[in-house]
């Protein structure tokens, strides 16, 4: 059976060899109206539970001044290649780690480790997205990232990850020029819920039928605040702008934490 939220079936979710039972309640409903009502209730329950775990994750990230980025895309966009190129540029500058989400195998996590960063693999089985509970368990197994950076590479899918907050600071959607410029029109939710669009494989633009102007215009119709960076993980074009964006967001996270600590110090001093 499939749940009404995303099609995920009941499954065991392995996190680096460990399993967590990820179940969705289901019943056979003979009545169409009853069935619809139950599906709505199931969806509300699942998303409500996820939101609670996401709040816990967000509080943890804020207290540790960790910048958590949720990377979403369809399969083949170049997420992992982009991550390895990013890690190579940031290595040694800050604590960083990666949570990898895939239905099967640990190949991407191995690529991340080869690039020089700790990585933890979550295999979702039939599941088409990561959820906040999975991420929370994974974070407990990672090294100390205080003041650093956590990349969460979601399962390749432009639909279901849009509905699941992981507690991240920002959601980054990646679209390659080989996929077609109309993806933002076909999958509007993920672009509406993202802060940054990375248009990847820009070095292939002369060889594909891709309207770059339209691809930038479409998501801004949906989400006027979305930022756009054009880059190529392979050629390096645009990578410095992406690295600068990360550095700016991390500085803001650190400044926010410093302000919170100063406020708390003032409050405690007032009690003396």
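The table below lists the values:
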{"item": "Qualifying residues in the stretch 179-199 (those that are out of contact with any helix residue (DSSP H, G or I) (no Cβ under 6 Å at 6 or more places or on another chain) and not in a loop (DSSP other than H, G, I, E, B)) - the one surrounded by the fewest Cβ atoms within 10 Å (Cβ to Cβ)", "result": "186"}
{"item": "Test: residue in the stretch 252-271 that is at negative phi, touching a strand residue (DSSP E or B) at 6+ places or on another chain (Cβ under 6 Å) and surrounded by fewer than 18 Cβ atoms within 10 Å (Cβ to Cβ)", "result": "no"}
{"item": "Subset of the stretch 114-124 that is in contact with a helix residue (DSSP H, G or I) (Cβ under 9 Å, 6 or more places away or on another chain) and outside any loop (DSSP other than H, G, I, E, B) - its residue that is surrounded by the most Cβ atoms within 10 Å (Cβ to Cβ)", "result": "122"}
{"item": "Residue that is out of contact with any strand residue (DSSP E or B) (no Cβ under 8 Å at 6 or more places or on another chain) and without any contact (Cβ under 8 Å) to a residue 60 or more places away in the chain, where the choices are 116, 136", "result": "116"}
{"item": "Of all residues in the stretch 148-162 being touching a residue at least 60 places away in the same chain (Cβ under 8 Å) and assigned to a loop (DSSP other than H, G, I, E, B), the one that is farthest from residue 82 (Cα to Cα)", "result": "159"}
{"item": "Test for residue 92: is it at pLDDT below 95, in contact with a strand residue (DSSP E or B) (Cβ under 8 Å, 6 or more places away or on another chain), closer than 27 Å to residue 245 by Cβ and not in a helix (DSSP H, G or I)", "result": "no"}
{"item": "Residues of the stretch 198-223 that turn out to be in contact (Cβ under 8 Å) with a residue 40 or more places away in the chain and farther than 18 Å from residue 73 by Cβ, as a count", "result": "0"}
{"item": "Filter result for residue 226 (within 21 Å of the chain's Cα centre (by Cα), touching a residue at least 40 places away in the same chain (Cβ under 8 Å) and more than 17 Å from residue 149 (Cβ to Cβ))", "result": "no"}
{"item": "Flag for residue 253 being closer than 20 Å to residue 70 by Cα and either at pLDDT 95 or above or assigned to a helix (DSSP H, G or I) (or both)", "result": "yes"}
{"item": "Filter pass, residue 204 being outside any strand (DSSP E or B) and at pLDDT below 95", "result": "no"}
{"item": "Residue 143 vs. criteria closer than 25 Å to residue 238 by Cα, surrounded by fewer than 22 Cβ atoms within 10 Å (Cβ to Cβ) and out of contact with any helix residue (DSSP H, G or I) (no Cβ under 9 Å at 6 or more places or on another chain)", "result": "no"}
{"item": "Matching option when the condition is modelled with pLDDT of 95 or more, assigned to a loop (DSSP other than H, G, I, E, B) and crowded, with 19+ Cβ neighbours inside 10 Å, among 65, 85, 97", "result": "65"}
{"item": "Which listed residue is over 30 Å from residue 46 (Cβ atoms) and under 19 Å from the mean Cα position of the chain (by Cα), from 162, 169, 233, 214", "result": "233"}
{"item": "Filter result for residue 248 (loosely packed, with under 14 Cβ neighbours inside 10 Å and within 19 Å of the chain's Cα centre (by Cα))", "result": "yes"}
{"item": "The stretch 221-244, subset in a helix (DSSP H, G or I) and touching a strand residue (DSSP E or B) at 6+ places or on another chain (Cβ under 8 Å), residue farthest from residue 176 (Cα to Cα)", "result": "241"}
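Here's the yes/no breakdown for (1) assigned to a helix (DSSP H, G or I); (2) buried (at least 21 other Cβ atoms within 10 Å of the Cβ):
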position: 72; (1), (2): no, yes
position: 105; (1), (2): no, no
position: 112; (1), (2): yes, yes
position: 126; (1), (2): no, no
position: 138; (1), (2): yes, yes
position: 166; (1), (2): no, yes
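The values are calculated or read from the model by the stated rules, or taken from the named source; none is laboratory data. Please read all numbers here as calculations on a predicted model, not as lab measurements. Counting neighbours? That spans all protein chains shown, and the Cβs are built from the backbone with ideal geometry, glycine included.
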